[in-house]
Amino acid sequence: MHRVHLVIQGQVQGVGFRYFILRRAESLRVNGWVRNLDSGEVEIEAEGDRAALDALVAAAGVGPAAAHVTRVEATWSESPARHSRFAAR
């Protein structure tokens, strides 16, 4: 299973970023989670088809209209599936 761990920096909290990612992940049929960090960043763990994950990473680099993404850190790996759906934490 393809997996990507993302840390998104910029103006990404208080702008609907988690729910933007949740809706995008669901439409791409990607499983995992998204959460806000105390540092002001957003963290995402997602698993699924590589093309769908690439599309999710691209969406995270833009975010919703009110967001201003300055950096996306992506760490790719492969492992057995851990998630059965996508959730906002």
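No lab work stands behind these numbers, since they all come straight from the coordinates. Remember, it's a predicted structure, so these values are computed and weren't measured experimentally. We place every Cβ from the backbone using ideal geometry, glycine too, and count neighbours over all the protein chains shown.
Taking a Cβ cut-off of under 10 Å around residue 82, the surrounding Lys, Arg, Asp and Glu residues balance to a net charge of -1, with basic ones at +1 and acidic ones at -1. Length available on full extension from residue 58 to residue 19: 0.36 nm per residue minus the Cα-Cα distance, which gives 12.5 nm. Helix 17-28 and the longest principal axis of the Cα set of the chain meet at an angle near 30°. What is the list of residues in the stretch 1-43 whose amide nitrogen lies under 13 Å from a point 7 angstrom out from the Cα of residue 74, following Cα to Cβ? Flagged as within label range: 3-8.
A Gaussian network model of the chain, with springs between Cα atoms under 10 Å, assigns the largest mean-square fluctuation among 35, 50, 18 to 50. Rounded to the nearest 10 degrees, the inclination of helix 50-60 to the longest alpha-carbon principal axis of the chain is 10 degrees. With the cut-off at 1.5 for a/c, could you classify the chain from its C-alpha gyration tensor as rounded, prolate or oblate? Prolate, since a/c reaches 1.5 and a/b exceeds b/c. Once backbone amide H atoms are built at 1.01 Å from N, residue 2 has 48 as its partners under 5 Å, excluding neighbours fewer than 5 places away on the same chain. Applying 0.36 nm per residue to the separation of residue 29 and residue 1 and subtracting their alpha-carbon distance, the gain on full extension is 8.7 nm.
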